[in-house]
Each structure stands twice: as structure tokens, then as C-alpha cells.
Amino acid sequence: MINLQTELKESIIEQLNLEDMEPADIGNDEPLFGDGLGLDSIDALELIVLLEKDYGIKLTDPAQSREIFVSINRMAEFIEANRTK
Amino acid sequence: MQQDFYIKDWVKIKDGKISNSKSEIFNSSEKNLDFFLKSVYDFLELKYPKFHKMDGLSKLGILGTEILFRENSISTDTALILSNNASSLETDRQFQESTKTFASPALFVYTLPNIVLGEISIKFKLQSENAFFIAESFNAEFLKNYSESLLTSGKSSEVLCGWLNLQNGEYDVFLCLISSEINISFSEECLKNLYFAEND
């Protein structure tokens with residue numbers, strides 16, 4: 001799980017062009033949206049693409065993303081439980 | 001009585017060189033567009049994380065206006081009238097490529113040339129008229145007439161107008177800040193002279 005969290009942070013930094021950020025700068029329980037990393041709605045769409053591309057998880061209900069993209073820990077839990085690759 | 005307007009300042013970005021009405025301010029031999037844009041960002045010591053998410057056209061627009069607006073304080077009604085001949089083709093192609101696997105939402109939002117106007121307006125808190133025109137080539141007469149109509153109608157106290165083009169990694173940026181402050185005459189001839197000075 002720890003490896004998955006680090007892998008997720010690296011993917012998010014690369015996919016969302018979070019220049020000048022290192023995986024260590026993102027806390028596992030830090031909010032990804034709002035006051036945390038400050039991601040926006042386009043970033044949320046990119047995260048949905050990332051889930052499908054890297055883990056074979058296709059979100060069919062957009063409302064689901066609100067519960068999943070809360071933090072790195074929450075994303076990692078969801079991926080562990082639903083990944084197909 | 002007819003009011004006269006003037007080119008308060010201008011900036012050009014082309015072939016690794018950046019210059020304004022005073023001097024050349026940056027020169028790089030970097031051929032890769034992304035590396036060049038990042039080196040200018042670092043040179044200007046910009047602290048604007050959203051910059052890294054933008055497409056090339058928007059990055060060029062942000063860098064050009066940053067240089068102009070640092071030297072010249074502007075009001076929130078400063079209009080933006082830009083033009084080019086490649087539209088957003090560079091990003092359109094990148095997006096089309098991404099659709100072969102997973103279409104990128106972050107690329108999709110930049111598949112219109114006028115997005116750069118929104119990015120500039122957000123960065124500099126502008127609440128003003130703006131338009132982006134596609135033309136075959138730099139059209140001084142059109143830019144002069146359109147800008148003057150905004151200024152004389154009182155819709156804007158200043159206008160940023162010019163050419164912002166990006167195609168196949170080659171960029172050609174020429175932005176002018178127009179106001180009523182006496183400086184270089186805002187004429188079709190002066191616009192052409194400035195734009196074509198090193199573009200022939």
C-alpha cells in the first residue's frame with residue numbers, strides 16, 4: 001500500500017503537471033482539492049483518466065469521484081479494492 | 001475632436017529572443033519549445049503554478065503580457081485583441097494524438113485559441129473586452145481599427161493588441177499596449193515597422 005501511495009503521488013505530479021513538487025510534498029491524508037493541493041475540476045477529470053489508464057478502473061458514476069479523490073490514502077484504498085491491472 | 005492613441009510599450013518573442021521597446025531582455029539558443037518557455041518562466045521568477053498546466057499558446061501569452069504589465073501598470077478594463085493564423089492547431093494536434101489512447105481533458109480545454117485571453121484575464125484580474133481573430137498574416141490595419149474603436153467608444157482605457165502565433169514549435173509573438181499616453185504613434189505604419197523589424 002505504501003508503494004502504491006508513492007506511485008500515485010508520482011503519477012499525479014506527472015499527469016497534472018505539478019511542477020516543482022515532490023512526492024514527499026503530498027501528505028497521504030492531505031485533501032487533494034480545495035485547501036490541500038488546490039486541484040481543479042479539469043484535474044479531477046485527469047484523475048478519472050489516470051484510474052482507467054493505470055489501474056483499469058472505469059468510473060461510471062461521476063459522483064463517485066468526490067468520495068475517492070479525497071486524499072492519497074482514500075484513492076489507494078479504492079484502487080486496491082477495484083483494480084483490474 | 002479626434003483623439004490620438006499611442007503605442008505605450010511592446011514586446012516580441014521569436015527565435016529564442018525577447019525584446020521590448022527598451023532593449024533585448026532575454027536570449028536563448030534553446031530549440032525545444034517547452035524548455036524555452038520554462039527558461040523564460042524561471043528568468044522572470046514567476047510564481048504561478050497554473051502556468052505549467054497551460055498549452056504553449058497560453059504560456060506565450062502569459063509570458064508576453066507579464067513582461068508588458070510589469071513595466072506598465074494597467075487598469076482592469078484593459079482590452080485584449082489578439083490574432084494569429086494557426087489558431088490552436090498545435091494543441092488540437094496533441095489532443096487528437098491523445099484520443100488514440102486516453103483523451104486528455106487537460107489538453108481538450110486548450111483546443112480554442114481564445115482560451116489564452118481567459119488565462120491572461122485571470123492572471124491579471126482583467127474584466128474587459130476581448131477577442132481573438134484568425135487572419136492569414138499580421139494585419140496592422142485591422143488591429144488598429146478594432147483597438148481604436150474600443151478606445152474611442154470608452155469601453156476600454158487601454159488595449160493590448162497583437163499577434164500570438166504558434167505552429168510546429170515555432171512561435172511569433174508581438175504584443176502592443178495602446179493608450180492615450182504620448183509615445184510611439186499608434187499608426188498602421190508604426191505597427192508594421194515594429195512587427196516586421198526583425199521578421200523579414
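Results, tabulated for the structure shown:
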item: Matching residues in the range B:151-176 - criterion: being closer than 13 Å to residue B:59 by Cα and out of contact with any helix residue (DSSP H, G or I) (no Cβ under 7 Å at 6 or more places or on another chain); result: B:165, B:172
item: Checking residue B:197 against (1) surrounded by fewer than 23 Cβ atoms within 10 Å (Cβ to Cβ); (2) touching a Phe, Trp or Tyr at 6+ places or on another chain (Cβ under 9 Å); (3) under 14 Å from residue B:10 (Cα atoms), the condition it does not meet; result: (2)
item: So residue B:128, is it out of contact with any Gly (no Cβ under 9 Å at 6 or more places or on another chain), of a type in the set (Gly, Ala, Ser), surrounded by 19 or more Cβ atoms within 10 Å (Cβ to Cβ) and not in a loop (DSSP other than H, G, I, E, B); result: no
item: Helices (runs of 4 or more DSSP H) contained in chain A and holding at least 1 residues within 14 Å of chain B (Cβ to nearest Cβ) and more than 10 Å from the chain's Cα centre (by Cα); result: A:2-15, A:41-55, A:62-68
item: Residue selected from the range B:1-43 under the condition surrounded by 15 or more Cβ atoms within 10 Å (Cβ to Cβ) and among the small types (Gly, Ala, Ser), by the criterion farthest from residue B:53 (Cα to Cα); result: B:21
item: The range B:152-168, subset touching a Ser or Thr at 6+ places or on another chain (Cβ under 7 Å) and either free of Cβ contacts under 8 Å to residues at least 60 places away in the same chain or in a strand (DSSP E or B) (or both), residue surrounded by the most Cβ atoms within 10 Å (Cβ to Cβ); result: B:160
item: Some residue of the range B:134-148 being among the hydroxyl-bearing types (Ser, Thr, Tyr) and outside any loop (DSSP other than H, G, I, E, B); result: yes
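Conditions tested, residue by residue: (1) among the β-branched types (Val, Ile, Thr); (2) farther than 19 Å from residue B:53 by Cβ.
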| position | (1), (2) |
| --- | --- |
| A:4 | no, yes |
| A:7 | no, yes |
| A:15 | no, no |
| A:23 | no, no |
| A:39 | no, no |
| A:42 | yes, no |
| A:45 | no, no |
| A:53 | no, no |
| A:79 | yes, yes |
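The numbers here are math on the coordinates, done by the rules we state, and not lab data. Being a predicted model, the structure only gives us computed values, none of them experimental. Using ideal geometry, Cβ is built from the backbone for each residue, glycine included, and neighbour counts are taken over all protein chains shown.
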